[in-house]
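Values in this text are rule-based calculations from the coordinates and carry no lab data. It should be emphasised that the depicted structure is a prediction, and the values quoted were computed from it without experimental measurement. Positions of Cβ are generated from backbone atoms using ideal geometry, with glycine treated the same way; all protein chains shown enter the neighbour counts.
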Amino acid sequence: MTIVALLPLLLTGWFATDIAVTENQRSSDERLLRDASAIAQVVDSWVVAQRDALEGWTVPFAIGENASLQRGLLAAILQANPSFVSVVLVDRDNVVVVEPVWVDAALAGVDVRRTVGSAERARALVSKLPSSAAIEAHDAGVARDDALPIGGAVGSSWRFAQGQAPSVPIAVVGPRDPGLVFGAELSLSEVAKLIATQSTPDHRVSVVDNEGAVILGDGTGAESLATLGSDATVAFVLPDGTAVRGAIAVVATPDWRVITIEPAAAAEASGSAIRARTAQVLVVSLLLALGVGAVLARSLSEPVRELSDGALRVADGDYGRKVAEDRGDEIGDLQRAFNHLSSRLASGRDEIARQRAEIEGFNRELQARVDERTRELVEAQVRLVQSGQLAAVAEMGAGLAHELNNPIAAILGTAQVVRMRLRGTPEEERVARIEEQATRCREVVASMLKLSEGSSEGGNEPGSVDVVDLRGMLAEVAALVAAPFRQRGVTLVVESSDQAVEASANPVATSRVLAQVLQSFRSGLPDGARLVVRAALIDGRASVLFEPDRPIAKGSARDDWMASGLSLWVARRQLETMSGRLDEPGTGQTAWVLSLPAGAA
């Protein structure tokens, strides 16, 4: 019986060991791939950053054929980038335009990161520049009509001398001087340091090109992996017979590969240790189980079975279930503990039910209170916003009206005096127009003051109502706001009509409402939009239709289309005092309609 009981444990332990070994190998492969990918990303970002640094120098400066400017720019580029060994300038035929510059011993002595160059090394750089690729990239940008067509390319790695860190040539054609190619030798000494710090005897890191040539690292066994075009993990055997596991990651710029390799034995060592330890534990467990099972089988079987049955009953919800307490040993303690546990579970179940009922009642009461307070807060906020809007409009209107009355009175008085002096002359008509517009301004200011004080000025009170022609009034207001519409880039079109459209309303208030609505449309329409406006009789009311060809931007910084701002809010209130209204378009409609009572025929 003991062997049968332990058999599942033995099988489970063995399968768990295999899973652990497999997971360990997978983790090792993932770690190798993470290391290779991280190094590849660093190398790619670093090379691209150096190329972009060289491209950046070609954007703000145009050097033309000025040799002094050309050589000065090359010196500045070399001084600014510590990874550049030499910098050259050639034409599109790869012919040197000006004498190259390179890092001399003095500069290298000041900056230890520098690699000393020479004239021979600069000439070697010219022969290795990827000028054709850079020119093709630049010409492609010109064909695409790029704002700043820049062509950049990174060439193949090379070593100027044995034992030195490898370099890569960079070529750039700038937008200011498309006939010139800037070239730089980029030393890979910084990348070499990174590879050296990441490499150990059991964890080798190499960088190779797409043809298998080793650029950095020892490269042992890495050459055959260079043809792989995507990130992957591999297992293979080195020429010396060593089984290894490795990973390859592609470097996008330039087309290189980062390869990490470590002996397969290192990845499998922990798996072997897991197997050995698991086998030892299983053997010891088996021996102990056999010995204990032989001694205690009889005394344990029956009480254990009873406890098992009781536990299953409790698990099914039979709280309070008890077993016989007829032993004084550990089994008896277990029986008493089981009975105590069952009793506590029963009492706990009742207590939990009671507390749950209390909590649910409290939650319902709390939710009701929260809902009530939320409604009160929303109503208070609405009232506060409305009060603030009314107070702000009233204060602003009163202030503007009082400030404008004096200058308008002065203009009107001066115009009247000048008109009397020019009576009978051709200039009298011009002064009369000034007087007419000043009078209109005074009426508008008076209407604004009465509106801010809660007056119904502008409505259909006796003495303030007149029959106005909406066609002519609409044309006059459109002429006044035409300039702001043009500045905004919105086309305003006023369609004429042969039918008279007469409204019973105050002329000044009606003009102001039309101006306010048109200004609001100007603010809400985007550049290039078109607004068609026309007057018409609709359902027996004098109406003005506003038909934009674009959606109106609601809630913009210039106007609040939810009627909580100053423009449409004031217009709607003015219309209410004149028994008019402003209707927004319904479903499937595009026109806004401003309607007023029709005038007498």
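Provide Asp231, Asp350 in ascending order of the number of other Cβ atoms located within 10 Å of each residue's Cβ, fewest first.
Least to most surrounded, the residues fall as Asp350, Asp231.
³J(HN,Hα) across the stretch 116-126 via Karplus (A = 6.51, B = -1.76, C = 1.60, θ = phi - 60°), whole Hz, x for Gly/Pro?
After applying 6.51 cos²θ - 1.76 cosθ + 1.60, I find 5, x, 7, 5, 5, 5, 5, 5, 5, 4, 4 Hz.
Dipole of the stretch 466-597 (Lys/Arg Cβ +1, Asp/Glu Cβ -1, origin at the Cα centre): which of Val570, Pro507, Ala536 lies farthest to the positive side?
Val570
Residue by residue, what Karplus-based ³J(HN,Hα) values in Hz, rounded to whole numbers, does the stretch 35-49 have, using 6.51, -1.76 and 1.60 with θ = phi - 60° and x for Gly and Pro?
4, 5, 5, 5, 5, 4, 5, 5, 5, 4, 4, 5, 5, 5, 5
Assign unit charges at the C-beta atoms only (+1 for Lys and Arg, -1 for Asp and Glu), then state the dipole size of the stretch 466-597 relative to its Cα centre in Debye, rounded to the nearest 20. Write down the numbers at each step before the final one.
Details: 14 positive and 15 negative charges, 89 e Å.
The calculated dipole for the stretch 466-597 is roughly 420 debye.
Counting only DSSP beta bridges with both residues in the stretch 466-597, what percent are antiparallel, rounded to the nearest 5? Spell out each step's value before the answer.
Details: 21 of 26 bridges.
If we restrict to bridges inside the stretch 466-597, about 80 percent are antiparallel.
Which cross-chain or sequence-distant (5 or more) residues have an amide H under 5 Å from the amide H of Ala529, H modelled 1.01 Å from N in plane?
Amide H neighbours of Ala529: Thr491.
Taking H as built 1.01 Å from N, whose amide H comes closer than 5 Å to the amide H of Trp256, not counting residues under 5 places away?
HN-HN under 5 Å from Trp256: Val251.
Peptides 515-522, 38-45, 175-182: what's the order by average Cβ count within 10 Å, highest mean first?
515-522, 175-182, 38-45
Which order, highest average first, do 546-553, 160-167, 196-203 follow once you tally other Cβ atoms within 10 Å for each residue and take the mean per peptide? It would help to have the intermediate numbers written out before the result.
On the way: 546-553: 16.2, 160-167: 14.5, 196-203: 12.2.
Ranked from most to least packed, the peptides come out as 546-553, 160-167, 196-203.
Could you give the size of the charge dipole of the stretch 142-254 about its Cα centre, using +1 on the Cβ of each K and R and -1 on the Cβ of each D and E, expressed in debye and rounded to the nearest 20? Write out the running numbers ahead of the final one.
Working: 6 positive and 12 negative charges, 25 e Å.
So the magnitude is around 120 debye.
Step by step: find N for the stretch 64-165, compute 2.2 N^0.38 Å, then divide the Cα radius of gyration by it. What's the final number?
Working: Rg = 15.0 Å, N = 102, 2.2 N^0.38 = 12.8 Å.
That ratio works out to 1.18.
Set Lys and Arg Cβ to +1 and Asp and Glu Cβ to -1, take the dipole of the stretch 52-208 about its Cα centre, and tell me which of Ile63, Val88, Ser167 lies farthest positive.
Result: Ser167, furthest along the dipole toward the positive end.
Pop out the ³J(HN,Hα) list for the stretch 158-167 in order, Karplus 6.51 cos²θ - 1.76 cosθ + 1.60 with θ = phi - 60°, rounded to Hz; leave Gly and Pro as x.
For the stretch 158-167, the Karplus-derived couplings read 7, 10, 6, 8, 4, x, 8, 5, x, 9 Hz, x marking Gly and Pro.
May I have the extent of the alpha carbons of the stretch 460-554 along their three principal axes, as whole Å values ordered from largest to smallest?
Extents along the principal axes: 43, 24, 23 Å.
Suppose every Lys and Arg Cβ carries +1 and every Asp and Glu Cβ carries -1, with no other charges. What dipole size does the stretch 79-231 come out with about its Cα centre, to the nearest 20 debye? Intermediate values should be presented prior to the final figure.
Numbers: 11 positive and 19 negative charges, 73 e Å.
For the stretch 79-231, the charge dipole is close to 340 debye.
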